[in-house]
Amino acid sequence: MAIPSDTAGVGSVRRLLGDLIQHLADRLGQAVRSWDRVAPPLLRYLFFLRFQLSFFVALVAIPTVVVWVAPRMFSNLMVFDNAIQPLYVTCLALTGCWLCMTAVMVVLTLGPERFEEVDKHQPFIQRVTRARLVLCRHRFVFFSLPALPLAVRLCLSAESNHQWVILGVVLGAGAAVVILWAATVLYGAIVPAEDRTRMCGVLLPERWLPQMLTKRSRSSMPRWAAMLGALGPGYLNEETGRPFPEHVAAFCFLLVLGCFWLWSFFSGRYYLLHGEARELWPALVYLEYSLLLATLLLSAVAFFFDRYRAPVLLMLVMFSWFSYSWAGNDHYFRIFSPVETGDPNTVQTPVPTRQVVQGWFERQPQGRKPVMVVVCASGGGIQATAWTARVLVGLQRELGPDFSRAIALISATSGGSVGAFDFVESYFRNHDAPDEEELSEALRAAETSEHGATAWALAYPDGIRLLFPWIKERTLDRGWALEQVWRWAFPWKDGGRRPMDTRLSQWTRAVAEGWLPATVFNATFVDSGQALLFSTTMLPLKNVPEALLFGEGAYPGADISVVTAVRMSAAFPYISPAARARYVSEETGDVAQEDGSTGVLQEHVADGGYFDNYGVWVAVEWLRRVLKDNHQRLRHVIIIQLRAEREAATKADYLVPAESEHHSGWAHELLSPIEALINTRTPIELARNDLAERLLHDEYPGLVSTVVFAPGHQGPLSWDLTPRQREQLERDWKANGPEVEQVRQLYLAP
């Protein structure tokens with residue numbers, strides 16, 4: 001009897017499992033059929049909202065990029081020490097979310113009419129309507145969520161004053177509500193009362209309107225609204241003859257935000273022109289502005305062209321390409337033409353090496369053979385700038401003014417050029433080795449943050465140039481903004497406020513007179529790969545076609561502002577653009593010559609790190625020429641290398657294979673050529689410089705020594721230093737005590 005019982009039980013289980021599988025199959029089939037009905041219109045509307053959704057994704061992704069993806073480049077964007085800066089960031093983040101919210105509602109409300117979906121997929125359109133109503137009911141909470149990660153990250157920033165940041169975030173939310181209220185009032189002044197219900201409360205409720213606007217009605221259509229009818233369905237309400245309120249709401253919101261955009265543009269330009277760069281908005285605000293305006297522009301263009309299934313991004317790229325081709329726009333840096341001025345003092349002619357060395361000998365203490373010091377400053381962003389100035393200032397404080405007078409040449413690249421400029425300019429102002437006040441000011445100037453100026457220029461003049469390349473003011477760009485910060489970095493001893501406009505020819509005359517060290521700022525011609533050297537001394541380059549001297553082989557006789565020369569040496573795209581030279585009049589500053597007659601003048605100039613990121617090659621070649629005739633007159637030669645990072649501080653480091661993960665697959669095949677180009681630049685440059693130094697040491701054994709100074713940590717790659725990073729550089733300088741002692745022994749040894 002047990003066997004039949006077991007057989008019946010197994011059959012029951014099988015039937016139960018079969019019924020369950022059949023039920024699941026039926027439900028899966030229903031889901032597939034439902035998805036077949038819903039998926040096409042759902043995906044279509046997600047496509048219509050692609051730019052709005054991209055803004056929300058980008059806003060959420062900003063903290064992720066800052067913290068995990070590229071912290072060295074962007075982490076300082078979220079470090080604040082007062083409540084005003086996080087107020088701006090939070091206000092714009094929330095305002096951007098709510099403005100994109102209106103753009104979303106435009107598509108959800110008017111999309112069926114614009115994209116002819118009224119008769120197609122009617123059940124889905126009903127679902128869209130219900131979804132829109134749900135979103136409207138909880139609109140401010142739902143659409144504020146993308147700004148929440150950014151606000152939380154601001155409050156948790158390790159180096160920020162948390163109390164001030166939290167206060168700024170709260171005040172920023174309040175400021176966003178004020179902007180929303182202003183847009184609501186403007187909307188109420190334009191839209192009559194009978195049309196406001198269609199807005200579904202995307203802006204603030206009608207009770208927030210002033211009493212005089214709550215019952216305002218208007219039946220006539222404004223003249224400008226009639227033009228919207230030519231754009232097709234989805235713009236003009238045929239029943240009322242007036243624009244759809246959704247478009248009016250978006251326009252009002254955008255108009256209020258545009259007022260702040262104009263204020264930020266003109267105030268930022270004023271601050272830069274008058275040396276008040278610290279008053280600029282945080283760089284993160286300009287980044288948010290750029291994202292928001294790009295989103296709104298693309299959303300508006302897409303709402304029109306998606307009806308015709310035209311590729312929006314492709315059309316914008318083609319428009320920009322044709323505009324640039326027609327306008328012939330480019331980035332320029334200013335040089336001064338001696339032909340225009342007729343003033344021989346403005347002619348930049350590097351001083352012959354023999355004359356430089358003779359002037360150097362004359363300023364050395366008498367009684368024994370002097371020690372010659374040659375400084376090589378590497379690139380590496382603002383860390384290289386601050387480190388170069390800190391080491392030069394620290395060595396003078398440790399060894400006295402005579403040590404600074406012993407410096408015969410400074411060869412600098414990129415960020416190191418900015419730090420070298422700060423030190424040499426203080427030397428130039430003091431007409432001798434800098435005093436303690438000048439040293440302190442040089443150090444402070446080298447640590448001045450510039451990322452706000454760069455972000456402002458990227459969001460405004462360069463952003464406008466992207467769409468309207470025919471704008472004539474072509475020197476107003478990111479490079480110009482950096483120059484303004486550096487021009488105003490030095491205060492004047494008389495207490496006045498005016499920019500620094502020292503010319504390279506003025507430095508050259510000081511070198512010729514024998515009281516200023518020779519200086520070389522290394523840059524690179526992008527088009528040919530040659531080095532462009534902004535130098536105050538002649539260099540032995542007759543048999544070296546890889547390099548050209550400014551004022552000699554390149555731009556013969558022209559002059560340039562020292563700040564502009566430094567900017568071109570530190571013109572690392574995309575922080576500062578590669579640019580071409582443009583002659584301007586000495587007296588008026590107007591364009592004296594659009595382009596030159598030589599091929600060299602047509603080339604773009606960029607960061608010197610592409611050719612030599614360490615400035616060693618030029619220094620060794622110059623030193624070899626000097627020692628040829630003067631080695632017996634010198635007690636010793638010290639080559640001081642200033643590296644921005646410890647990882648490249650020793651000559652053997654580049655020979656050690658770096659630890660990395662194993663990569664394979666098509667992505668590695670695609671990216672490996674680019675990765676190889678990037679990763680081989682530093683070892684090749686270090687190997688070349690090491691070989692040049694070894695040959696010099698072998699040629700003059702016991703006469704030449706090299707000392708390398710480098711911080712013990714990696715610094716930011718942006719143009720911004722936080723207070724904690726400044727303190728870390730001070731600790732790194734103290735940790736270089738053995739190197740200081742080595743220089744002391746070499747310099748003071750009999």
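Summary of values
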quantity: Residue 581 long-range amide H proximity, modeled H, under 5 Å; calculated: 333
quantity: Square roots of 5 times each gyration tensor eigenvalue, C-alpha, region 225-273, largest first, Å; calculated: 35, 10, 6
quantity: Per-residue ³J(HN,Hα) for region 161-171, Karplus 6.51 cos²θ - 1.76 cosθ + 1.60, θ = phi - 60°, Hz, x for Gly and Pro; calculated: 7, 4, 4, 5, 5, 4, 4, x, 5, 5, 5
quantity: Histogram of C-alpha separations across region 393-455, 5 Å bin width, %; calculated: 4, 17, 27, 27, 14, 6, 4, 2, 0
quantity: Cα convex hull of region 257-306 - mean projected area over all directions, nm²; calculated: 3.9
quantity: Using θ = phi - 60° and Karplus 6.51 cos²θ - 1.76 cosθ + 1.60, couplings along region 528-535 (whole Hz; Gly, Pro as x); calculated: 10, x, 6, 7, 10, 10, 7, 10
quantity: Highest-first arrangement of 705-713, 609-617, where packing means the average Cβ count within 10 Å; calculated: 609-617, 705-713
quantity: Long-range HN-HN contacts of residue 503 with modeled amide H, under 5 Å; calculated: 562
quantity: Packing-based order for 440-453, 63-76, 93-106, 143-156, using average beta carbon neighbours within 10 Å, highest first; calculated: 93-106, 440-453, 143-156, 63-76
quantity: Long-range amide H partners of residue 708 with built H, under 5 Å; calculated: 641
quantity: From phi via Karplus (6.51, -1.76, 1.60), per-residue ³J(HN,Hα) for region 295-304 in Hz, x at Gly/Pro; calculated: 5, 5, 4, 5, 5, 5, 5, 5, 4, 7
quantity: Region 437-491: equivalent-ellipsoid semi-axes (sqrt of 5 x gyration tensor eigenvalues, Cα, Å); calculated: 29, 10, 5
quantity: Inter-site label distance for residue 741 and residue 255 at 7 Å from Cα along Cβ, in nm; calculated: 7.3
quantity: Fully extended contour minus Cα-Cα distance, from residue 231 to residue 705, at 0.36 nm per residue; calculated: 163.1 nm
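Throughout, read-outs are computed from the coordinates displayed, never taken from laboratory work. These numbers were taken from a predicted model, which means no experiment stands behind them. Note that we place each Cβ from the backbone using ideal geometry, even for glycine, and neighbour counts take in every protein chain shown.
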